[in-house]
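Reviewing the structure listed below.
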Amino acid sequence: MTPYPLGLQLDGLRVLVVGGGVVATRRVPALLNAGADVVLVSPHVTPALRAHVDAGRLTWLARRFEPGDVDDAWLVHVAVNDPAAAAEISRAAADRRVFCVRADDRHAATAWTPAVTRHGALTVAVLAGGDPVRAVAVRDAIAEQLAGGFGGIRPEHAAPGRVALVGSGPGDPELLTVRGRRLLAAADVVVVDRLAAGLLLDELRPEVEVFDASKIPYGPSAAQEEINRVLVDRALAGRFVVRLKGGDPFVFGRGGEEIQACTAAGVPVTVVPGISSSIAVPAAAGIPVTHRGLAHEFTVVSGHLAPSHPESLVDWPALARLRGTLCVLMGLKHLPSIAAVLQEHGKAPDTPVAVIQEGTTRAQRVVRATLSTVADAVKEAAMRPPAVVVVGPVVNALR
(Lines give C-alpha, C1' and ligand atoms only; values in the text may rest on other atoms or scores of the structure.)
Protein backbone atom coordinates (compact mmCIF):
# COMPACT_ATOMS: atom_id res chain seq x y z
CA MET A 1 0.00 0.00 0.00
CA THR A 2 1.07 3.57 -0.59
CA PRO A 3 1.96 5.22 2.75
CA TYR A 4 0.36 8.44 3.92
CA PRO A 5 3.21 10.88 4.75
CA LEU A 6 3.07 12.86 7.97
CA GLY A 7 5.36 15.06 10.05
CA LEU A 8 5.02 14.17 13.74
CA GLN A 9 5.24 16.86 16.41
CA LEU A 10 6.82 14.83 19.22
CA ASP A 11 7.85 17.61 21.58
CA GLY A 12 7.21 16.36 25.12
CA LEU A 13 5.58 13.14 23.92
CA ARG A 14 6.75 9.69 24.97
CA VAL A 15 8.48 7.58 22.34
CA LEU A 16 9.49 4.01 23.13
CA VAL A 17 12.67 2.62 21.61
CA VAL A 18 13.32 -1.09 22.12
CA GLY A 19 16.91 -2.14 21.53
CA GLY A 20 20.22 -0.61 22.44
CA GLY A 21 22.41 -1.37 19.44
CA VAL A 22 23.52 0.40 16.29
CA VAL A 23 20.02 1.01 14.91
CA ALA A 24 18.87 2.66 18.13
CA THR A 25 22.07 4.69 18.20
CA ARG A 26 21.18 6.08 14.78
CA ARG A 27 17.49 6.77 15.53
CA VAL A 28 17.62 8.27 19.02
CA PRO A 29 19.40 11.59 18.20
CA ALA A 30 16.67 12.62 15.74
CA LEU A 31 13.98 11.78 18.30
CA LEU A 32 15.77 13.84 20.93
CA ASN A 33 16.18 16.68 18.46
CA ALA A 34 12.41 16.61 17.95
CA GLY A 35 11.94 17.04 21.69
CA ALA A 36 10.55 13.56 22.31
CA ASP A 37 10.52 12.03 25.79
CA VAL A 38 12.51 8.94 24.83
CA VAL A 39 12.30 5.75 26.89
CA LEU A 40 14.86 3.12 25.92
CA VAL A 41 14.32 -0.54 26.82
CA SER A 42 17.27 -2.87 26.44
CA PRO A 43 19.48 -4.98 28.72
CA HIS A 44 22.53 -3.33 27.14
CA VAL A 45 23.23 -0.10 25.25
CA THR A 46 26.06 1.26 23.12
CA PRO A 47 28.48 3.81 24.62
CA ALA A 48 26.88 6.53 22.51
CA LEU A 49 23.45 5.77 23.95
CA ARG A 50 24.91 5.56 27.44
CA ALA A 51 26.22 9.08 26.97
CA HIS A 52 22.64 10.28 26.36
CA VAL A 53 21.54 8.45 29.49
CA ASP A 54 24.31 9.93 31.61
CA ALA A 55 23.45 13.40 30.35
CA GLY A 56 19.81 12.92 31.38
CA ARG A 57 18.47 13.18 27.85
CA LEU A 58 16.58 9.89 27.91
CA THR A 59 15.31 7.20 30.27
CA TRP A 60 16.91 3.74 30.11
CA LEU A 61 15.15 0.65 31.42
CA ALA A 62 17.94 -1.93 31.58
CA ARG A 63 15.85 -5.04 30.97
CA ARG A 64 13.93 -6.91 28.29
CA PHE A 65 10.73 -5.53 26.79
CA GLU A 66 7.40 -5.89 28.56
CA PRO A 67 4.05 -5.19 26.83
CA GLY A 68 3.22 -2.54 29.42
CA ASP A 69 6.15 -0.48 28.17
CA VAL A 70 3.99 0.65 25.26
CA ASP A 71 1.46 2.27 27.61
CA ASP A 72 1.39 6.06 27.17
CA ALA A 73 3.74 5.91 24.16
CA TRP A 74 2.81 7.84 21.02
CA LEU A 75 5.30 6.01 18.82
CA VAL A 76 7.35 2.82 19.08
CA HIS A 77 10.67 2.12 17.41
CA VAL A 78 11.69 -1.55 17.27
CA ALA A 79 15.48 -1.71 16.97
CA VAL A 80 16.16 -5.39 17.63
CA ASN A 81 17.22 -8.11 15.21
CA ASP A 82 15.24 -10.91 16.88
CA PRO A 83 12.11 -11.51 14.71
CA ALA A 84 10.15 -13.14 17.51
CA ALA A 85 10.88 -10.31 19.94
CA ALA A 86 10.11 -7.71 17.28
CA ALA A 87 6.76 -9.39 16.51
CA GLU A 88 5.86 -9.33 20.22
CA ILE A 89 6.54 -5.59 20.39
CA SER A 90 4.50 -5.02 17.22
CA ARG A 91 1.53 -6.88 18.69
CA ALA A 92 1.69 -4.88 21.89
CA ALA A 93 1.76 -1.64 19.88
CA ALA A 94 -1.12 -2.76 17.64
CA ASP A 95 -3.24 -3.74 20.64
CA ARG A 96 -2.83 -0.17 21.94
CA ARG A 97 -3.23 1.47 18.52
CA VAL A 98 0.26 2.93 18.59
CA PHE A 99 2.25 3.28 15.38
CA CYS A 100 5.29 1.04 15.28
CA VAL A 101 8.49 1.29 13.23
CA ARG A 102 10.25 -2.01 12.56
CA ALA A 103 13.96 -1.95 11.72
CA ASP A 104 13.98 -5.69 11.02
CA ASP A 105 10.91 -5.93 8.74
CA ARG A 106 9.43 -2.86 7.09
CA HIS A 107 6.50 -4.88 5.72
CA ALA A 108 5.42 -5.78 9.25
CA ALA A 109 5.63 -2.15 10.42
CA THR A 110 2.77 0.34 10.65
CA ALA A 111 5.15 3.29 10.14
CA TRP A 112 8.32 3.90 8.17
CA THR A 113 11.18 6.27 8.89
CA PRO A 114 12.11 8.24 5.78
CA ALA A 115 15.56 9.14 4.54
CA VAL A 116 16.02 12.72 5.74
CA THR A 117 18.18 15.69 4.85
CA ARG A 118 18.11 18.87 6.92
CA HIS A 119 19.02 22.33 5.71
CA GLY A 120 18.47 24.73 8.57
CA ALA A 121 14.72 24.94 9.16
CA LEU A 122 14.04 22.95 5.97
CA THR A 123 13.60 19.19 6.34
CA VAL A 124 13.18 16.94 3.31
CA ALA A 125 11.96 13.39 3.91
CA VAL A 126 11.97 10.68 1.22
CA LEU A 127 9.92 7.48 1.18
CA ALA A 128 10.58 5.13 -1.72
CA GLY A 129 8.01 2.38 -1.37
CA GLY A 130 9.80 0.92 1.62
CA ASP A 131 13.09 0.63 -0.28
CA PRO A 132 15.63 2.30 2.04
CA VAL A 133 18.51 2.12 -0.47
CA ARG A 134 16.55 3.99 -3.11
CA ALA A 135 15.25 6.49 -0.56
CA VAL A 136 18.79 7.31 0.56
CA ALA A 137 19.96 7.73 -3.04
CA VAL A 138 17.14 10.17 -3.80
CA ARG A 139 17.72 11.96 -0.51
CA ASP A 140 21.41 12.42 -1.28
CA ALA A 141 20.62 13.81 -4.74
CA ILE A 142 18.21 16.33 -3.26
CA ALA A 143 20.71 17.29 -0.56
CA GLU A 144 23.38 17.96 -3.18
CA GLN A 145 21.00 20.17 -5.15
CA LEU A 146 19.94 22.11 -2.06
CA ALA A 147 23.58 22.65 -1.06
CA GLY A 148 24.08 24.34 -4.42
CA GLY A 149 21.12 26.68 -4.01
CA PHE A 150 18.72 24.56 -6.09
CA GLY A 151 15.46 26.28 -7.01
CA GLY A 152 16.47 29.59 -5.46
CA ILE A 153 15.73 28.26 -1.98
CA ARG A 154 17.59 30.34 0.56
CA PRO A 155 18.92 28.57 3.62
CA GLU A 156 18.10 29.66 7.13
CA HIS A 157 19.81 32.95 8.07
CA ALA A 158 20.25 33.86 4.38
CA ALA A 159 17.53 36.49 4.21
CA PRO A 160 18.15 39.80 2.43
CA GLY A 161 19.61 42.48 4.65
CA ARG A 162 21.77 40.09 6.65
CA VAL A 163 25.48 39.33 6.91
CA ALA A 164 27.05 35.92 7.50
CA LEU A 165 30.64 35.60 8.69
CA VAL A 166 31.73 32.27 7.22
CA GLY A 167 35.01 30.59 8.05
CA SER A 168 36.24 28.77 4.94
CA GLY A 169 38.83 26.68 6.77
CA PRO A 170 42.59 26.38 6.19
CA GLY A 171 42.60 26.30 2.38
CA ASP A 172 41.12 23.07 1.02
CA PRO A 173 37.62 24.03 -0.26
CA GLU A 174 36.25 20.67 0.85
CA LEU A 175 36.90 21.68 4.46
CA LEU A 176 34.21 24.36 4.32
CA THR A 177 31.32 23.39 6.62
CA VAL A 178 28.02 22.24 5.15
CA ARG A 179 26.24 25.28 6.56
CA GLY A 180 28.90 27.59 5.18
CA ARG A 181 28.49 26.11 1.70
CA ARG A 182 24.71 26.55 1.84
CA LEU A 183 25.00 30.20 2.81
CA LEU A 184 27.66 30.85 0.20
CA ALA A 185 25.39 29.40 -2.47
CA ALA A 186 22.66 31.86 -1.46
CA ALA A 187 24.87 34.96 -1.29
CA ASP A 188 24.18 38.13 -3.24
CA VAL A 189 27.55 39.62 -2.25
CA VAL A 190 30.74 37.83 -1.17
CA VAL A 191 33.47 39.77 0.61
CA VAL A 192 36.51 37.51 0.44
CA ASP A 193 39.95 37.36 2.07
CA ARG A 194 43.15 36.23 0.39
CA LEU A 195 43.39 33.27 2.78
CA ALA A 196 39.86 32.05 2.06
CA ALA A 197 39.56 28.97 -0.15
CA GLY A 198 39.64 30.65 -3.55
CA LEU A 199 38.17 27.72 -5.49
CA LEU A 200 34.87 28.36 -3.73
CA LEU A 201 34.44 31.53 -5.77
CA ASP A 202 34.24 29.46 -8.93
CA GLU A 203 31.00 27.93 -7.64
CA LEU A 204 29.18 31.24 -7.18
CA ARG A 205 26.27 32.28 -9.37
CA PRO A 206 27.33 34.63 -12.20
CA GLU A 207 25.38 37.57 -10.80
CA VAL A 208 27.05 37.48 -7.37
CA GLU A 209 29.13 40.55 -6.54
CA VAL A 210 32.61 39.62 -5.30
CA PHE A 211 34.48 42.23 -3.26
CA ASP A 212 38.17 41.45 -2.90
CA ALA A 213 39.20 42.29 0.66
CA SER A 214 42.58 40.63 0.32
CA LYS A 215 45.05 41.43 3.04
CA ILE A 216 48.42 40.50 1.59
CA PRO A 217 51.01 40.38 4.41
CA TYR A 218 53.38 43.36 4.36
CA GLY A 219 51.80 44.69 1.18
CA PRO A 220 48.63 46.38 -0.13
CA SER A 221 45.52 45.78 1.95
CA ALA A 222 41.92 46.80 2.08
CA ALA A 223 41.42 48.83 5.25
CA GLN A 224 39.23 47.16 7.87
CA GLU A 225 37.01 50.24 7.89
CA GLU A 226 36.35 49.79 4.18
CA ILE A 227 35.48 46.12 4.69
CA ASN A 228 33.07 47.09 7.45
CA ARG A 229 31.51 49.74 5.22
CA VAL A 230 30.94 47.29 2.37
CA LEU A 231 29.31 44.74 4.67
CA VAL A 232 26.95 47.32 6.16
CA ASP A 233 26.13 49.18 2.94
CA ARG A 234 25.33 46.05 0.94
CA ALA A 235 23.18 44.61 3.73
CA LEU A 236 21.27 47.86 4.23
CA ALA A 237 20.63 47.83 0.48
CA GLY A 238 18.70 44.60 1.00
CA ARG A 239 21.31 42.08 -0.10
CA PHE A 240 22.52 38.92 1.63
CA VAL A 241 26.24 39.33 2.27
CA VAL A 242 28.71 36.53 3.02
CA ARG A 243 32.01 37.56 4.53
CA LEU A 244 34.20 34.64 3.50
CA LYS A 245 37.21 34.42 5.78
CA GLY A 246 40.16 32.04 6.00
CA GLY A 247 40.20 29.61 8.90
CA ASP A 248 37.76 30.61 11.63
CA PRO A 249 36.27 34.13 11.79
CA PHE A 250 37.28 34.59 15.43
CA VAL A 251 40.83 33.18 15.33
CA PHE A 252 42.91 36.24 14.38
CA GLY A 253 40.27 37.01 11.75
CA ARG A 254 38.94 40.35 13.09
CA GLY A 255 35.46 38.90 12.91
CA GLY A 256 34.58 40.58 16.19
CA GLU A 257 35.23 44.01 14.70
CA GLU A 258 33.01 43.23 11.73
CA ILE A 259 30.19 42.09 14.00
CA GLN A 260 30.50 45.29 16.02
CA ALA A 261 30.20 47.38 12.85
CA CYS A 262 27.14 45.48 11.65
CA THR A 263 25.46 45.56 15.06
CA ALA A 264 26.00 49.31 15.35
CA ALA A 265 24.22 49.73 12.00
CA GLY A 266 21.36 47.41 12.95
CA VAL A 267 22.40 44.64 10.54
CA PRO A 268 21.75 41.06 11.78
CA VAL A 269 24.80 38.78 11.64
CA THR A 270 25.14 35.00 11.52
CA VAL A 271 28.49 33.43 12.45
CA VAL A 272 29.51 30.13 10.85
CA PRO A 273 32.65 28.75 12.51
CA GLY A 274 35.42 27.45 10.31
CA ILE A 275 38.12 24.84 10.81
CA SER A 276 41.06 26.73 12.27
CA SER A 277 44.42 26.39 10.53
CA SER A 278 46.06 26.24 13.95
CA ILE A 279 44.80 22.66 14.31
CA ALA A 280 44.00 21.55 10.77
CA VAL A 281 47.30 22.48 9.13
CA PRO A 282 49.44 20.52 11.60
CA ALA A 283 47.01 17.61 11.25
CA ALA A 284 47.37 17.69 7.45
CA ALA A 285 51.14 17.42 7.95
CA GLY A 286 50.74 14.42 10.25
CA ILE A 287 51.28 16.40 13.46
CA PRO A 288 48.75 16.07 16.31
CA VAL A 289 48.73 19.18 18.48
CA THR A 290 48.14 16.93 21.50
CA HIS A 291 49.38 13.39 22.01
CA ARG A 292 49.29 11.06 24.97
CA GLY A 293 52.50 11.23 26.95
CA LEU A 294 53.85 14.20 24.98
CA ALA A 295 51.46 17.15 25.16
CA HIS A 296 48.34 17.71 27.24
CA GLU A 297 47.87 21.29 26.08
CA PHE A 298 48.36 23.48 23.06
CA THR A 299 48.58 27.24 22.76
CA VAL A 300 47.81 29.31 19.67
CA VAL A 301 49.41 32.74 19.32
CA SER A 302 49.86 35.37 16.64
CA GLY A 303 53.40 36.10 15.51
CA HIS A 304 52.59 39.07 13.27
CA LEU A 305 54.45 41.36 15.68
CA ALA A 306 58.03 40.75 16.76
CA PRO A 307 58.44 39.64 20.39
CA SER A 308 60.16 42.95 21.16
CA HIS A 309 57.39 45.07 19.60
CA PRO A 310 55.81 47.36 22.22
CA GLU A 311 52.29 46.50 21.02
CA SER A 312 52.76 42.72 21.18
CA LEU A 313 50.34 41.12 23.67
CA VAL A 314 52.05 37.71 23.62
CA ASP A 315 53.92 36.67 26.77
CA TRP A 316 56.79 34.87 25.04
CA PRO A 317 58.79 34.19 28.23
CA ALA A 318 55.73 32.45 29.72
CA LEU A 319 55.27 30.39 26.55
CA ALA A 320 58.87 29.22 26.78
CA ARG A 321 58.09 27.61 30.14
CA LEU A 322 55.06 25.65 28.90
CA ARG A 323 55.44 21.91 28.29
CA GLY A 324 52.73 21.61 25.65
CA THR A 325 52.53 22.46 21.96
CA LEU A 326 52.92 25.99 20.64
CA CYS A 327 51.24 26.92 17.35
CA VAL A 328 52.27 30.25 15.87
CA LEU A 329 50.17 31.82 13.11
CA MET A 330 51.46 34.67 10.93
CA GLY A 331 54.91 34.22 12.46
CA LEU A 332 57.11 33.44 9.48
CA LYS A 333 58.66 36.91 9.16
CA HIS A 334 59.58 37.06 12.85
CA LEU A 335 60.51 33.39 13.24
CA PRO A 336 64.23 34.10 13.97
CA SER A 337 63.39 36.42 16.87
CA ILE A 338 60.61 34.12 18.10
CA ALA A 339 62.97 31.14 18.19
CA ALA A 340 65.61 33.24 19.92
CA VAL A 341 63.33 34.55 22.67
CA LEU A 342 61.94 31.07 23.38
CA GLN A 343 65.46 29.72 23.83
CA GLU A 344 66.48 32.71 25.88
CA HIS A 345 63.74 31.96 28.39
CA GLY A 346 64.35 28.25 28.76
CA LYS A 347 63.01 26.35 25.77
CA ALA A 348 65.57 23.70 24.78
CA PRO A 349 67.45 24.42 21.52
CA ASP A 350 66.76 20.87 20.29
CA THR A 351 62.97 21.25 20.66
CA PRO A 352 61.39 19.95 17.42
CA VAL A 353 59.83 22.56 15.14
CA ALA A 354 57.77 22.19 11.96
CA VAL A 355 56.84 24.95 9.55
CA ILE A 356 53.93 24.11 7.26
CA GLN A 357 53.30 26.32 4.25
CA GLU A 358 49.83 26.46 2.63
CA GLY A 359 48.62 23.49 4.63
CA THR A 360 45.76 21.27 3.30
CA THR A 361 46.29 22.55 -0.26
CA ARG A 362 48.16 21.04 -3.21
CA ALA A 363 50.98 23.54 -2.53
CA GLN A 364 51.59 22.27 1.01
CA ARG A 365 55.25 22.14 2.04
CA VAL A 366 56.75 21.11 5.37
CA VAL A 367 60.14 21.95 6.86
CA ARG A 368 61.19 20.16 10.05
CA ALA A 369 64.03 21.40 12.20
CA THR A 370 64.82 22.32 15.80
CA LEU A 371 64.39 25.60 17.60
CA SER A 372 68.05 26.42 17.09
CA THR A 373 68.08 25.60 13.35
CA VAL A 374 64.59 26.45 12.13
CA ALA A 375 65.33 30.03 11.05
CA ASP A 376 68.10 28.93 8.71
CA ALA A 377 66.09 25.95 7.47
CA VAL A 378 63.13 28.13 6.56
CA LYS A 379 65.37 30.63 4.77
CA GLU A 380 67.10 27.90 2.80
CA ALA A 381 63.77 26.37 1.78
CA ALA A 382 62.38 29.79 0.75
CA MET A 383 59.21 29.23 2.72
CA ARG A 384 56.50 31.86 2.29
CA PRO A 385 53.22 32.81 3.99
CA PRO A 386 50.73 31.56 4.88
CA ALA A 387 52.51 29.18 7.20
CA VAL A 388 51.88 27.63 10.60
CA VAL A 389 54.78 27.06 12.97
CA VAL A 390 54.48 24.15 15.41
CA VAL A 391 56.87 23.91 18.36
CA GLY A 392 57.05 20.86 20.61
CA PRO A 393 57.71 17.11 20.77
CA VAL A 394 54.46 16.36 18.91
CA VAL A 395 56.26 17.39 15.72
CA ASN A 396 57.91 13.97 15.64
CA ALA A 397 55.17 12.01 17.40
CA LEU A 398 53.99 10.06 14.35
CA ARG A 399 57.29 9.73 12.50
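The values are calculated or read from the model by the stated rules, or taken from the named source; none is laboratory data. All figures in this text were calculated on a predicted structure; none of them were measured in a lab. So basically every Cβ, Gly included, is an ideal-geometry build from the backbone, and we count neighbours across all protein chains shown.
Numbers for the structure displayed
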read-out: Single condition Pro67 does not satisfy, out of (1) of a type outside the set (Ser, Thr, Tyr); (2) within 21 Å of Val22 (Cβ to Cβ); (3) surrounded by fewer than 17 Cβ atoms within 10 Å (Cβ to Cβ); value: (2)
read-out: Options Gly167, Gly171, Gly149, Gly180; residue that is among the small types (Gly, Ala, Ser), at pLDDT below 85, buried (at least 18 other Cβ atoms within 10 Å of the Cβ) and within 22 Å of Ala197 (Cβ to Cβ); value: Gly149
read-out: Residue under evaluation Phe252, criteria (1) modelled with pLDDT of 95 or more; (2) buried (at least 16 other Cβ atoms within 10 Å of the Cβ); (3) not in a helix (DSSP H, G or I), criterion not met; value: (1)
read-out: Conditions (1) surrounded by fewer than 22 Cβ atoms within 10 Å (Cβ to Cβ); (2) closer than 16 Å to Arg14 by Cα; number of the one not met by Val76; value: (1)
read-out: Qualifying residue in region 372-383 (condition: surrounded by 18 or more Cβ atoms within 10 Å (Cβ to Cβ), in a strand (DSSP E or B) and in contact with a strand residue (DSSP E or B) (Cβ under 8 Å, 6 or more places away or on another chain)); value: no
read-out: Flag for Ala363 being modelled with pLDDT of 95 or more and either outside any strand (DSSP E or B) or not β-branched (Val, Ile, Thr) (or both); value: no
read-out: Within region 4-19, tally of residues that are over 30 Å from the mean Cα position of the chain (by Cα) and loosely packed, with under 13 Cβ neighbours inside 10 Å; value: 3
read-out: All strands (runs of 3 or more DSSP E) inside region 273-360 with 2 or more residues being crowded, with 22+ Cβ neighbours inside 10 Å and either in contact with a strand residue (DSSP E or B) (Cβ under 6 Å, 6 or more places away or on another chain) or touching a residue at least 12 places away in the same chain (Cβ under 8 Å) (or both); value: 325-329, 352-357
read-out: Residue match in region 259-267 (condition: among the hydrophobic types (A, V, I, L, M, F, W, C), surrounded by fewer than 20 Cβ atoms within 10 Å (Cβ to Cβ), closer than 20 Å to Lys245 by Cβ and in contact (Cβ under 8 Å) with a residue 60 or more places away in the chain); value: yes
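Matching residues to (1) under 19 Å from Val388 (Cβ atoms); (2) polar (S, T, N, Q); (3) not assigned by TED's automatic domain parsing to the domain that holds Phe252:
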{"residue": "Pro288", "(1), (2), (3)": "yes, no, yes"}
{"residue": "His309", "(1), (2), (3)": "no, no, yes"}
{"residue": "Ala318", "(1), (2), (3)": "no, no, yes"}
{"residue": "Lys333", "(1), (2), (3)": "yes, no, yes"}
{"residue": "Thr361", "(1), (2), (3)": "yes, yes, yes"}
